Amino acid sequence: MSALSVSIPTPVRPLKPPAGPEALEHMNLRQGEFWRVIPAYKDVDSDTFLNHLWQYQHSVKTPEELQHTVQDLAPPAFIEDMRAGFHRAPMNVRVSPYMIALIDWSNPYTDPIRTQFIPLASRLLPDHPKLSLDSLHELEDSPTPGLTHRYVDKALFLPTNVCPVYCRYCTRSYAIGGDTEVVEKAELATNQQRWQQAFAYIASRPELQDIVISGGDAYQLPAKSLRKIGETLLDMPNIRRIRIASKGPAVMPSKILTDTAWTEALVGLVECGRRLGKDVMLHTHFNHPNEITWITQQAMQLLFERGVMVRNQSVLIRGVNDDARTMQLLVRRLGYINVHPYYVYMHDMVKGVEDLRTTVQTAIDIEKFVRGSTAGFNTPTFVCDAPGGGGKRDVHSYDYYDRENGIAVYSAPSVKPGRWFLYFDPIDQLSPAAQERWKDPRTQDEMIADATARAAEGR
Ligand SMILES: *Cc1c(COP(=O)(O)O)cnc(C)c1O
Ligand code: SF4
């Protein structure tokens, strides 16, 4: 109480050691006119580069366009590898100038952005023998074309099949494509009827409260269509939540700044939703910290100021973000620009991209490292969208995981009770003995029967 007691030295607690530079790295965003290192963009000023129409018009769709754009930045052997890769890839290729400019062309083989969008013949691996397991299950949960009603209270609506870029790892590679302006318009016109069918179904199911508008990609919807779809859904008394999903903020963030009509349509829906007590959010898809620059920061700041909340869903991709420090940096950087990291998905079992998948164990290890790096609400859940229609499962929640043979067994009691769902690790990541076992169809079936029997024993 007296002045004296204040001066009694209290024992000095050892200070927490200062954090290293890695704890601040997330704030270190790419600045300036970084695109000018690309030969085709060396005279492009800021206003032009940020313009969304310029970005669309200069997107790279062929090996010739890519070669013309990067010229001698990439070694000739790489160009040849890419040319062969383009011809064997299951997906169309479409890369925005923003993405092209962020690729480190002195290391194109290992660059995380190149890996996501530009196929190389030399990196392709054979598909997993059980890859086709997923087929038909999309239809099973599809009451009308372009609408997936898998869970009780939420559904996925796919109003378009075009995207601002095409990702090599896309789950919907069978449906996504068509890339000229003409094709786009024709698609949208013929889509009107399909949309009406989907709306009628959604309105007829009182248990449906939550709609994900995905695609394709909502970035490709003209502002008018986006507003129309949003307003139609907001008008339905059963609908309480809408998420508008777009890869756009990650691959062409400047559109938010320059396509005023689109951004205003989005903001308008969010405001309209708020008045009605309904939640409208933007969901996006960043995979690597290099994708986030000063342009992204400005775009996300604009949305934040206007009251648009943004969540992120990443895919865990080999050679892109399958490393604990990279994922930690991505998560912190997303938090820094007010984007909530929501999910990290196991890579789906998609054709022709075995080189991009990781093991379930990798996801578990990275999740362990990332949790504790930042606020809990900014820490993503790592999920496996169970092949066969089980829906998203927490990667840790397997009923059995045969690490040796790379078989994870999941169940989904509230989605598809009484069934097992299997996810397979990529075979080239297994031991030589396990790789041998996968060569024989009989042993394959035995390994699978054994894993599901063990999952059942655990009950
Ligand atoms: C992912 C998904 C949803 C949304 O699921 P959340 O876990 O709520 O994000 C809805 N429907 C389908 C078919 C999905 O794949
Ligand atoms: S943006 Fe989404 S839907 Fe489009 S190609 Fe990429 S992953 Fe597929």
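Assorted remarks:
- Of everything listed in (1) touching a strand residue (DSSP E or B) at 6+ places or on another chain (Cβ under 9 Å); (2) without any contact (Cβ under 8 Å) to a residue 60 or more places away in the chain, the single unmet condition for P432 is (1).
Here's the yes/no breakdown for (1) touching a helix residue (DSSP H, G or I) at 6+ places or on another chain (Cβ under 9 Å); (2) more than 24 Å from L125 (Cα to Cα):
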site	(1), (2)
P341	yes, yes
M349	yes, no
V353	no, no
G372	no, yes
P387	yes, no
Y401	yes, no
E404	yes, no
V415	no, yes
G418	no, yes
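- In region 242-257, the residues that are among the hydroxyl-bearing types (S, T, Y) form Cβ pairs under 7 Å with partners that are within 16 Å of ligand 1 (Cβ to nearest atom), at six or more places apart or across chains, as follows: S246/D217; S246/A218; S246/L282; S246/T284.
- Meets criteria (closer than 19 Å to N28 by Cα, touching a helix residue (DSSP H, G or I) at 6+ places or on another chain (Cβ under 7 Å), outside any helix (DSSP H, G or I) and not charged (D, E, K, R)) for N321: yes
- Any hit, region 220-239, residues being within 13 Å of ligand 1 (Cβ to nearest atom) and of a type in the set (A, V, I, L, M, F, W, C): no
- Matching option when the condition is touching a residue at least 24 places away in the same chain (Cβ under 8 Å) and within 24 Å of the chain's Cα centre (by Cα), among P39, P126: P126
- Within region 358-393, being free of Cβ contacts under 8 Å to residues at least 40 places away in the same chain, in a loop (DSSP other than H, G, I, E, B) and over 23 Å from A412 (Cβ atoms) holds for R371, G372.
- Taking helices (runs of 4 or more DSSP H) as the structural unit, those lying wholly within region 68-167 and holding at least 1 residues that are in contact with a Lys or Arg (Cβ under 8 Å, 6 or more places away or on another chain) and aliphatic (A, V, I, L, M) correspond to 97-102.
- The residues of region 336-363 that are of a type in the set (A, V, I, L, M) and within 16 Å of ligand 1 (Cβ to nearest atom), listed by number, are V339, V344, M346, M349, V350.
- Any hit, region 338-357, residues being in a helix (DSSP H, G or I) and more than 30 Å from N405 (Cβ to Cβ): no
- Test: I176 is outside the structural domain of Y56 (by TED's automatic domain parsing), modelled with pLDDT under 75, within 16 Å of ligand 2 (Cβ to nearest atom) and aliphatic (A, V, I, L, M): yes
- In a residue-by-residue description of region 394-407, the property of being closer than 30 Å to A89 by Cβ, in contact (Cβ under 8 Å) with a residue 24 or more places away in the chain, outside any loop (DSSP other than H, G, I, E, B) and not polar (S, T, N, Q) applies to at least one position.
- Among the candidates Q71, Q116, Q55, residue that is surrounded by 10 or more Cβ atoms within 10 Å (Cβ to Cβ) and at positive phi: Q71
- Residue within region 88-99 that is crowded, with 16+ Cβ neighbours inside 10 Å, touching an Asp or Glu at 6+ places or on another chain (Cβ under 7 Å) and modelled with pLDDT of 95 or more present: no
- Among the candidates A434, A375, the residue that is of a type outside the set (S, T, N, Q) and outside the structural domain of L316 (by TED's automatic domain parsing) is uniquely A434.
- Some residue of region 425-438 being within 25 Å of the chain's Cα centre (by Cα), outside any strand (DSSP E or B) and among the hydrophobic types (A, V, I, L, M, F, W, C): yes
- The criterion of at least 1 residues that are surrounded by fewer than 18 Cβ atoms within 10 Å (Cβ to Cβ) is met, among helices (runs of 4 or more DSSP H) falling completely within region 216-310, by 223-234, 254-258, 260-275, 294-305.
The values are calculated or read from the model by the stated rules, or taken from the named source; none is laboratory data. The structure displayed is predicted, hence computed values, not measured ones. When we count neighbours, we look across all protein chains shown, and the Cβ atoms used for this are built from the backbone with ideal geometry, even at glycine.
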